[in-house]
Each structure stands twice: as structure tokens, then as C-alpha cells.
1. Going residue by residue through segment 8-27, is there one that turns out to be among the hydroxyl-bearing types (Ser, Thr, Tyr) and either assigned to a helix (DSSP H, G or I) or modelled with pLDDT of 80 or more (or both)?
2. Going residue by residue through segment 62-73, is there one that turns out to be touching a strand residue (DSSP E or B) at 6+ places or on another chain (Cβ under 7 Å), outside any loop (DSSP other than H, G, I, E, B), crowded, with 16+ Cβ neighbours inside 10 Å and among the aliphatic types (A, V, I, L, M)?
3. Counting only residues that are at pLDDT below 50, part of a helix (DSSP H, G or I) and of a type outside the set (A, V, I, L, M, F, W, C), how many does segment 28-60 have?
Amino acid sequence: SVFDICGGSCRLLSRQKGGQRTLLWAEGAGCGAMSTEIEETVKKLSSFKGVKGLFVINQDGIPIRYTFEPELVTHYAALVHQLVHQSRSIVRDLDATDDLVTLRVRSKNHELIIAPEKEYIMCVIHMPDVTYD
């Protein structure tokens, strides 16, 4: 969910799992203290075995945070943006009260785990055949 904090001068993107909320992204004038926590989250996700990279895009499909080459993230962002909007439309066509929460797309070489929010979309690119110790 996206919340306004700091009197509306900051915005943060967080994900709730169970009773715990994890900060994923923050922006704005008063978010200096938040950026360390965001970087730790990005670093943590990036350090998982098999993660090739991750990115966050806004609702216009513009990358606002990423961990790999700008040319590649631009290409991924455009495709993921289109996929999320098509998938969200399908979900709502099937049930107007429902909404898209997560997408997983797996190919022979990669797995995309996509978490769309109201104003942002986060995507983790993962190698599917990585064994976990």
C-alpha cells in the first residue's frame, strides 16, 4: 500500500504479510531516514540466491529504482507494465470486486515475481532452477 507520511511531503510503498509490514520504497523531501531502510530491503531481496535483479516502476511504467542495467530494466519495465494492466483487467472482468495481488511468470530461464500496488509495481527477476541449501 502507499501511504502519505511527513505531512504529505513523503510517500512510502510497503507490503504487509501477516501482521508485519515491510518497507519497499520511499520518496520525497523528508525521506532521508527512510532511504537506508529501503536500501536494506533492496539489498536483502537482491542477496537471495537466484535473484538476478529487481525493479520498481510507477504506474506510467517508468523505472524509479532498479538493481541492473538501465537498458535492460527499461525493456522489462515496459513489458511488465503492460502485463500488469492486462492481468488486472482480466481479474476485474471476472469479478469487479477483486484486484490483482501478485503475478508469477515462469519460463525456462527466468521467473518474474510481480507485486502491483496502487501507484507502484515491484518486480523481482529470479532464476527458477536455483537449489536452496
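1. No.
2. Within segment 62-73 (the criterion being touching a strand residue (DSSP E or B) at 6+ places or on another chain (Cβ under 7 Å), outside any loop (DSSP other than H, G, I, E, B), crowded, with 16+ Cβ neighbours inside 10 Å and among the aliphatic types (A, V, I, L, M)), the answer is yes, since at least one residue qualifies.
3. The number of residues fulfilling the criteria is 1.
The values are calculated or read from the model by the stated rules, or taken from the named source; none is laboratory data. Predicted model only: the values in this text are computed from it and were never measured. Quick reminder, even Gly has a Cβ in these numbers, built from the backbone with ideal geometry, and neighbours come from all protein chains shown.
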